[in-house]
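Asks: Quick one: structure below, then a few questions.
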Amino acid sequence: MQVRYMGQKEAVLFLGPPGAGKGTVAQSWREKRDIAYLSTGDMCRTHIREESVLGKELDSYISKGQLVPDDLISRMVEEWLKGIAKSGETLLLDGYPRTAPQVHHWLEMLAKHAPEYTSRVVFFEISLQMVTERLTSRMICSNVSCARVYPGGSTASTNDCTKCGASLLQRSDDENEVIRKRLHVYEQNKAALLAAYKKTNTLVTTFNVEQVAYADMFTQFNRVFTEQSGS
Ligand code: AMP
């Protein structure tokens, strides 16, 4: 059996509903190791802040809780991949692929630009009730270069980021009605996404996060990720 560990040429794809803890694990991982990280949600929000034509188009989907069209998001990911494919670092994608067509786009672009990489999915499994509770209390740091996530809201006595001191805010798409829509979209795509991974023999590691406290998230992730390595 071939055992693969973090640090080898793997493209790790985080799959799970918003609020499952993907960003929290990614944040800890990035603090500990050099990895090439892409959050497609953050990438979209950067364009929106810049108020570019692309940003306005992206906002028209995101503000309603809809997915950005597959071709558009895949083109953006491909640009990123072309830029970092030669670095040799582990790749970590948070929030992409999100639909079955995106799985096929991803595998094609990886074969084209970084054929030495193998894709591996980590599926964050959690009930919709739990993520709804988490999302409604979630806060994020307003400083975009910090962007620390506070899953259960602020724990400090002030409403400031404990890392950089900037004020915390709620993401506009964490508002109740938009959350409901985002979770619905996630549920609609989940089965087809998992089927696409099965069909393409992509390794899927299930990480059950229902009972995992945020403070233990990365330790538990490491354990599950390493135990389920192999092909
Ligand atoms: P996130 O921060 O990952 O929850 O993403 C926020 C929003 O960005 C989503 O609700 C979508 O509108 C958009 N988005 C992010 N990634 C994708 C993707 N892979 N496909 C389509 N839309 C995306």
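The values are calculated or read from the model by the stated rules, or taken from the named source; none is laboratory data. It should be emphasised that the depicted structure is a prediction, and the values quoted were computed from it without experimental measurement. Please note: Cβ atoms are built from the backbone with ideal geometry, for glycine as well, and neighbour counts cover all protein chains shown.
Asks: Pairs please, first residue from the range 66-83 and within 14 Å of MET109 (Cα to Cα) and more than 8 Å from the ligand (Cβ to nearest atom), second anywhere and aliphatic (A, V, I, L, M) and assigned to a helix (DSSP H, G or I), Cβ atoms under 6 Å, 6+ apart in sequence or on different chains.
Replies: Qualifying pairs under 6 Å: GLU78/MET109; LEU81/MET109.
Asks: Report the residue count in the range 158-185 for those that are within 12 Å of ILE140 (Cβ to Cβ) and either touching a Lys or Arg at 6+ places or on another chain (Cβ under 7 Å) or surrounded by 14 or more Cβ atoms within 10 Å (Cβ to Cβ) (or both).
Replies: Final tally of qualifying residues: 8.
Asks: Within the range 37-50, is even one residue of a type in the set (Ser, Thr, Tyr), within 17 Å of ARG171 (Cα to Cα), assigned to a loop (DSSP other than H, G, I, E, B) and within 12 Å of the ligand (Cβ to nearest atom)?
Replies: So far as the range 37-50 goes, no, none of its residues is of a type in the set (Ser, Thr, Tyr), within 17 Å of ARG171 (Cα to Cα), assigned to a loop (DSSP other than H, G, I, E, B) and within 12 Å of the ligand (Cβ to nearest atom).
Asks: Would you mind telling me which numbered condition in (1) within 15 Å of the ligand (Cβ to nearest atom); (2) among the polar types (S, T, N, Q); (3) in a loop (DSSP other than H, G, I, E, B); (4) in contact with a strand residue (DSSP E or B) (Cβ under 9 Å, 6 or more places away or on another chain) ASN143 fails?
Replies: The single condition ASN143 does not satisfy is (1).
Asks: Which residue is farthest from the ligand (Cβ to nearest atom), if the candidates are limited to the range 86-95 and must be under 12 Å from LYS9 (Cβ atoms) and surrounded by 21 or more Cβ atoms within 10 Å (Cβ to Cβ)?
Replies: Checked the range 86-95; the qualifying residue farthest from the ligand (Cβ to nearest atom) is THR90.
Asks: Which is crowded, with 17+ Cβ neighbours inside 10 Å and more than 15 Å from the ligand (Cβ to nearest atom), of ARG98, ARG120?
Replies: Within the list ARG98, ARG120, the selection yields ARG120.
Asks: Report whether or not SER87 is of a type in the set (Gly, Ala, Ser) and modelled with pLDDT under 90.
Replies: The answer is yes for SER87.
Asks: Six or more apart or on different chains, Cβ atoms under 6 Å: show the pairs whose first residue is in the range 195-211 and touching a residue at least 24 places away in the same chain (Cβ under 8 Å) and whose second is in a strand (DSSP E or B) and charged (D, E, K, R).
Replies: Short answer, once both residue conditions are applied: LEU203/ARG120; THR206/GLU125; ASN208/GLU125.
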